[in-house]
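Chemist: Mind having a look at this structure? Questions to follow.
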Amino acid sequence: MATSSQSSVELGSHEVKDYICNACEDQKNVETSADFYCKQCERFYCGNCIDPHGKVFAKHTTFGRVEIDNWPVSKKVVDFLQTCDVHKDHKIDQFCNLHKQLCCPQCVSDQHSQCSKVTHISELTNSQPTGLEGMSVELETVLGEIKTLQISQKASIQSLQKTYKEHSAVMIEQMRGNLNTYIDECDNSSVGTSGDNEQYLKEEMCRSVLSIVNEFDNITAKELNEMKDEVISIKGSVTSSIHKCTSVHNDLSQFHEIVQKIGDHKQLCLIASIKCKHIIQQALTLLGKSGKAFNVQSNAKHNVRIPYSYECHITGMCAVPDGQVVVADRDNKRVKLLSQQYKVVSHWDVNAEPQDICQITPSEVAVTVNTRNIHEVQFITVNQGKLVPGRKFQLQHECRGIAHQNGDLFVTSGKELYKYTLNGKLICRLYEALGYNTALDKCAVSPTGDRLYITSYWQDKLLTLARDGTLLATYSDPALEWPGGLHVTPAGQVLVCGYQSHTVLQVGWEGESKLANLATWEDGVWYPRSVCYCSTTSSIIVGQLGNNIMVFRVE
């Protein structure tokens, strides 16, 4: 197979010097962009060199750039595929079957010398199919999904900025309303008063108005700063995700072009196939569609009860990036902060029963607080090992489960699933359960926001919804009796607990099948009500009815 000389342009580009004229290279030792490829000679020619070639070899078949699909893969592509990703000065020539990794001699020496089966690439070419045709289709599909995700993420940033402006306007309108109400009351009080009394009332009015304005400055500035910090943090996270998507999209595009042109070179096809699978897996992780099942390595029990308190009932959990865990202790009406060693290092008493927790920013969580007369979402910041309460907003319905994704808050009421903005503005009712004994409890959202999950407590079901609330899938399992705790990892892995069955399961991201039984009562799980995954410690943490939480180390 002929290859062209390497050029300075990016892989996948058809610009000036992606292919080099071999005749110019031979005669003048210069790099000239090739415009033609001769099939019989297996050489490339520029516009000047193709004429003498045509006179000597009139019957040879040549292809111009308009027929570039008939050109062989360039040397740049060959070098790209064969070069080790870790050791750039080495070529890939082996494959570790144990780790499913392409290896150069240095890789084998450094990391795979003890592996039982490291095979030379040439030995695999006849026994292992490349499947490049199917790979091309899969690459095209994933490319489209990544592009859709990028569009959605950019829309999220615009929505966040709009939410902050709306919150500012609402706060100002509230102040105006308070002032107008007070002035009206003063006007009514001043009717029929004498001149001295009227002057006194005016002075009192000025003092009160000034007090209202000062109170507005203190409270509103704090709330607006909190909201601004949230928006900045979420915007930064979304922007980072967009950059990752762009990088993966570029890689996918390059491989999509490669598999179209790579031809029948078996070793290159095999290498391209393996590298394609790796980049597709990266894309699926970004899309929240990781099919990897957790494997539990060990477990441990930790007591999270505070002295002189009732028995714990941990109904909500959320791990923050530094490995600390925020838990909602419903029966003690208390939110607790656990250290990386799962010791209570801070706590804050709320005015009602905390039901569930979700992460808003790396240092902030939102808690649903609910009793017969109180339905609110309370924001709490984790600051230097302390829980610091922030702003809150009231709801007109019962609130149980809560989830967050890029500025959207999802709250269950027992019968419905609602969508709110960060400032408490109701966007819509996404889903309503019909019939008796439904009890929609916990909710979770996929990393990309395209799937929503709800536990239907009395029906022993996990429901999967589309972004618009359309029911996509219903999953039930004997091991999922009274499903309560629910969590989706950053890679899209779905964890759900069976309260009455004392189980923790992993369900596929489609919400249609079980991937693994992760833990049962034999492993120490007892009436589990909440679950979360901490990537910092690679642990699944289970909150229960009782004073102990269970921590499962996984890989």
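The values are calculated or read from the model by the stated rules, or taken from the named source; none is laboratory data. Everything numeric in this text was worked out from a predicted model, so none of it was measured. When we count neighbours, we look across all protein chains shown, and the Cβ atoms used for this are built from the backbone with ideal geometry, even at glycine. Side chains are part of the model used for accessible areas, which takes the heavy atoms of the whole protein and leaves out ligands, DNA and RNA. Shrake-Rupley method; radii C 1.70, N 1.55, O 1.52, S 1.80 Å.
Chemist: Quick one: angle between helix 266-286 and the longest Cα principal axis of the chain, in degrees between 0 and 90, rounded to 10, please.
Modeler: 10
Chemist: What are the ³J(HN,Hα) couplings of region 391-399, residue after residue, when phi is run through the Karplus curve with 6.51, -1.76, 1.60 and θ = phi - 60°? Round to Hz, x for glycine and proline.
Modeler: Using θ = phi - 60°, the values come out as 6, 8, 9, 8, 10, 8, 9, 4, 10 Hz.
Chemist: With labels modelled as points extended 7 Å from the Cα through the Cβ direction, what inter-label distance (nm, one decimal) is found for Asp79 paired with Gln500?
Modeler: That separation, rounded to one decimal, is 6.7 nm.
Chemist: Ok, one more. Please work out the Cα center distance from region 424-497 to region 271-301, rounded to the nearest Å.
Modeler: Answer, in whole Å: 23.
Chemist: For n ≥ 4 DSSP H runs only, could you compute -39500 (n - 2.57) per run for the chain, divide by its residues and tell me the 222 nm figure to the nearest 500?
Modeler: Value at 222 nm, helices only, nearest 500: -11500 deg cm²/dmol.
Chemist: Quick check: at a probe of 1.4 Å, how many percent of the accessible area of the chain sits on carbon and sulfur atoms? Kindly include the intermediate steps, with their values, before the conclusion.
Modeler: Numbers: 12980 of 26870 Å².
Carbon and sulfur atoms account for 48 percent of the accessible area of the chain.
Chemist: Of the listed pairs Lys162/Lys425; Lys244/Lys289; Lys75/Lys261; Lys147/Lys425; Lys277/Lys514, which have alpha-carbon separations greater than 18 Å here?
Modeler: Pairs exceeding the cut-off: Lys147/Lys425; Lys277/Lys514.
Chemist: Continuing with this model, one more query. Please compute the per residue accessible area over the chain with all protein chains in place, 1.4 Å probe, rounded to a whole number of Å².
Modeler: Here the per-residue accessible area is 48 Å².
Chemist: Could you give me the percent of Cα pairs per 5 Å distance bin for region 63-114, shortest bin first, beginning at zero and ending with the bin that holds the maximum distance?
Modeler: 4, 19, 22, 16, 10, 9, 8, 6, 4, 2, 0
Chemist: OK, next. Could you estimate the translational diffusion coefficient of region 266-308 from the Stokes-Einstein equation, with Rh from the Kirkwood formula over C-alpha pairs, at 4 °C and 1.567 mPa s, in whole µm²/s? Before the final figure, lay out the partial values.
Modeler: Numbers: Rh = 14.4 Å.
In µm²/s, the coefficient is 90.
Chemist: What does the highest-first list of 112-123, 509-520, 354-365 look like by mean Cβ count within 10 Å?
Modeler: Ranked from most to least packed, the peptides come out as 354-365, 509-520, 112-123.
Chemist: Based on the Kirkwood radius over alpha-carbon pairs, what is the Stokes-Einstein translational diffusion coefficient of region 400-506 at 25 °C with 0.890 mPa s viscosity, in µm²/s?
Modeler: 180
Chemist: Take peptides 336-349, 383-396 and line them up by average Cβ neighbours within 10 Å, highest first, as a rough protection proxy.
Modeler: 336-349, 383-396
Chemist: When only C-alpha pairs under 8 Å and at least 6 residues apart count, what is the relative contact order of the chain, in percent?
Modeler: 10
Chemist: Does anyone have the angle between helix 195-261 and the longest principal axis of the chain? Alpha-carbon axes, 0 to 90°, nearest 10?
Modeler: Helix 195-261 and the main axis of the chain meet at about 20 degrees.
Chemist: Using the Kirkwood formula on the Cα atoms of region 477-555, what hydrodynamic radius do you get, in angstrom to one decimal?
Modeler: 12.2
Chemist: Can I ask one more? Net charge near Lys289: determine it from the other residues with C-beta under 14 Å of the C-beta of Lys289, scoring Lys and Arg +1 and Asp and Glu -1.
Modeler: Spelling it out: positives minus negatives among the neighbours equals -3.
Chemist: What is the sum of charges, Lys and Arg at +1 and Asp and Glu at -1, for the other residues whose Cβ falls under 12 Å from the Cβ of Val248?
Modeler: Local net charge: 0.
Chemist: Would you work out which of Ile549, Gln161, Phe379 lies farthest towards the positive end of the dipole of the chain, given +1 charges on the beta-carbon of Lys and Arg and -1 on that of Asp and Glu, about the Cα centre?
Modeler: Ile549
Chemist: Working from Cα positions, state the angle (0 to 90°, nearest 10) between the long axis of helix 132-190 and the longest principal axis of the chain.
Modeler: Between helix and principal axis, roughly 20 degrees.
Chemist: Out of every Cα pair in the chain, what percent are spaced more than 34 Å from each other?
Modeler: Counting every Cα pair in the chain, those more than 34 Å apart make up 54 percent.
Chemist: Quick one: compute a quarter of the convex hull surface over the Cα atoms of region 233-285 and quote it in nm².
Modeler: Mean orientational projected area (region 233-285, Cα hull): 3.7 nm².
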